[in-house]
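The values are calculated or read from the model by the stated rules, or taken from the named source; none is laboratory data. Not measured: the values here are computed from a predicted model. Every residue, glycine among them, receives a Cβ derived from its backbone with ideal geometry; neighbour counts consider all protein chains shown. When the accessible area is computed, the model is the full protein with side chains, heavy atoms only, and any ligands, DNA or RNA have been set aside. Shrake-Rupley method; radii C 1.70, N 1.55, O 1.52, S 1.80 Å.
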Amino acid sequence: MAFTEIKHPLIVDKLTRMRRKDTSSKDFRENLNEIGGLMVYEVFRDLPLTPGEIETPVTKTTGYTVDQSVVLVPIIRAGLGMTAGIQQLIPTAKVAHIGLYRDEETLEPVQYFAKPTADIASSYVLVVDPMLATGGSASKAIDIAKEWGAKTIKFICLVAAPEGVARLQKDHPDIDIYAASLDEKLNDDGYIVPGLGDAGDRIFGTK
Ligand code: PRP
Ligand code: URA
């Protein structure tokens, strides 16, 4: 399905701050959460609204509310860094976690955790990870979400490599992909160029 690059000036500015190698972990985290919030505005454009009668101080009228259940699926660790910003806009969203890390030699994802929510099959599911590099981790996370019964799934990231987008479109042609930036390429170590380095390490200060 569609790949959408969400290129709003506020997002581009915040992403530029995050790319700088001397940006602190605190500023990196703040900008990542803020971009997450700005991006979901676009990602959830098609959320269904439920009409219902309400009373304003002046009169009765029809109001519209989002009653559709939403489940965020952050890929641990780095996906956690975007989740709070998205939850600020969708406070009722539940969170199902998937723990994956990339094997440094093979670049293949290794699973170490998975915990669904009870209502995932009937929910709008948003898989969240700032980095789409080879696409292996995102593809595996979406495999798991589908095994849980999820039917309406989207994937959101901050920076995508063309290789990752192609892999995801091949493995999961039914999934819409959203990124703040489609970068140039992967380098020989599987890092996105120009990218922003290792997102998990920068969020959690582990290197
Ligand atoms: C990073 C990133 C993605 C994955 C992307 O996680 O957060 O999950 O790499 O790479 P891929 O598209 O080639 O699979 P990492 O494995 O470094 O784990 P971390 O989030 O715990 O740092
Ligand atoms: N994971 C990251 O955190 N950064 C990259 O550039 C590639 C994978």
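Details
- Taking the range 134-151 as the range and being within 16 Å of ligand 2 (Cβ to nearest atom) and among the charged types (D, E, K, R) as the test, only Lys140 passes.
- Residues within the range 192-201 that are more than 9 Å from ligand 1 (Cβ to nearest atom) and either closer than 21 Å to Leu80 by Cβ or crowded, with 20+ Cβ neighbours inside 10 Å (or both), tallied: 3
- Here Ser181 clears all of (1) within 12 Å of ligand 1 (Cβ to nearest atom); (2) buried (at least 17 other Cβ atoms within 10 Å of the Cβ); (3) not aliphatic (A, V, I, L, M) except the condition numbered (1).
- When the strands (runs of 3 or more DSSP E) confined to the range 82-165 are screened for residues that are open to solvent by 20 Å² or more (accessible area, probe 1.4 Å) and hydrophobic (A, V, I, L, M, F, W, C), those reaching at least 1 such residues are found at 109-115.
- Pairs meeting the criteria (first residue in the range 78-92 and within 15 Å of Asn31 (Cα to Cα), second residue basic (Lys, Arg) and crowded, with 19+ Cβ neighbours inside 10 Å, beta carbons under 8 Å, at least 6 apart or on different chains) are Gly81/Arg29.
- In the range 55-77, residue farthest from Tyr124 (Cα to Cα) [restricted to those that are free of Cβ contacts under 8 Å to residues at least 24 places away in the same chain and open to solvent by less than 80 Å² (accessible area, probe 1.4 Å)]: Thr59
- Search result, residues across the range 175-207 that are in contact with a strand residue (DSSP E or B) (Cβ under 8 Å, 6 or more places away or on another chain), in a loop (DSSP other than H, G, I, E, B) and more than 9 Å from ligand 2 (Cβ to nearest atom): Ile175, Glu184
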